[in-house]
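Notes for the one structure printed next.
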Amino acid sequence: MKKIKTIKAYVLLFIAFSFLGCDLDLQDNFTFNPEVSFEDPFSDMTAWEFLQQNQQLNDEGELNGELYNYMAAAVEAAGMIDVYDDMSANRTYLFLNNNAFTGGGDVIDLITGDDEVGENETPAQVMARADLDVLRTILNYHIITEFVDQLTLSEYGVNYTFQTLIPGEDGLIVMRRDERYRVDINRSPAPLPSTATSQNERIRNYNYVVLNGIGHSINDPVRNSPYPAPNTGG
């Protein structure tokens, strides 16, 4: 008898909660609005337009080292705008930021024989005293003929060899990623000549997807074989 009373009590409680629940308003549909954008912000511009877009001064009125004032001036001086604007290509552009141009052994040193920049000298003025043949060689080596991101390097700790716009062995470039998807360029000498070990670099910023390929930013130029000495007219 006690068991039957207990069952009746549970039934009455269930009915009471059912009536109470009917008075509750329906919850609005939840719409997830992520704060992080997964869009490619540069996918509507070419590599050349990307370089033009990313130029500014820092708070001290100096060229921002992370951006591309020098590279944009270099591409224009070398007559290679059409290469960076080429819509028929799907290449990988190693964007040389401003830091990659200044300092011993960096681009300005390689193309002028002097790493000094005048106090008020603009990037265009620096390029006016450059050996343009050397400059074109450097720029061509920093363009890989195919699309390469970290997923292209499917195994970590493995050397992947690609061809740049420089033909033959002198145009080979080696990329290798680690387990954290950081990518080194020409870090290991094999299968490149031993001289490659003196000009290697880890990619600083990754995956600038553009209309005609993908770009990665580096702080220093890389090479396979030594770049020719600049002809400064002296």
Between residue 119 and residue 53, what is the label-point separation in nm under the 7 Å Cα-to-beta-carbon projection? 3.6 nm
Determine, for each peptide in 99-105, 154-160, the mean count of other beta carbons within 10 angstrom over its residues, then list the peptides with the highest first. 99-105, 154-160
Could you give the length gained by full extension between residue 87 and residue 206, i.e. 0.36 nm per residue of separation minus their alpha carbon distance, to one decimal place? 40.7 nm
HN-Hα couplings for the stretch 130-141 via Karplus (6.51, -1.76, 1.60; θ = phi - 60°), in whole Hz with x for Gly/Pro, come out as 8, 7, 5, 5, 5, 4, 4, 4, 4, 5, 5, 6
Each residue of the stretch 223-228 in turn: what ³J(HN,Hα) in whole Hz from Karplus with 6.51, -1.76, 1.60 and θ = phi - 60°, glycine and Pro shown as x? 7, 9, 10, x, 6, x
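No lab work stands behind these numbers, since they all come straight from the coordinates. Remember, predicted model here, so these are calculated numbers, not experimental data. Because the Cβ atoms are built from the backbone with ideal geometry, glycine has one as well, and the counts that use them run over all protein chains shown.
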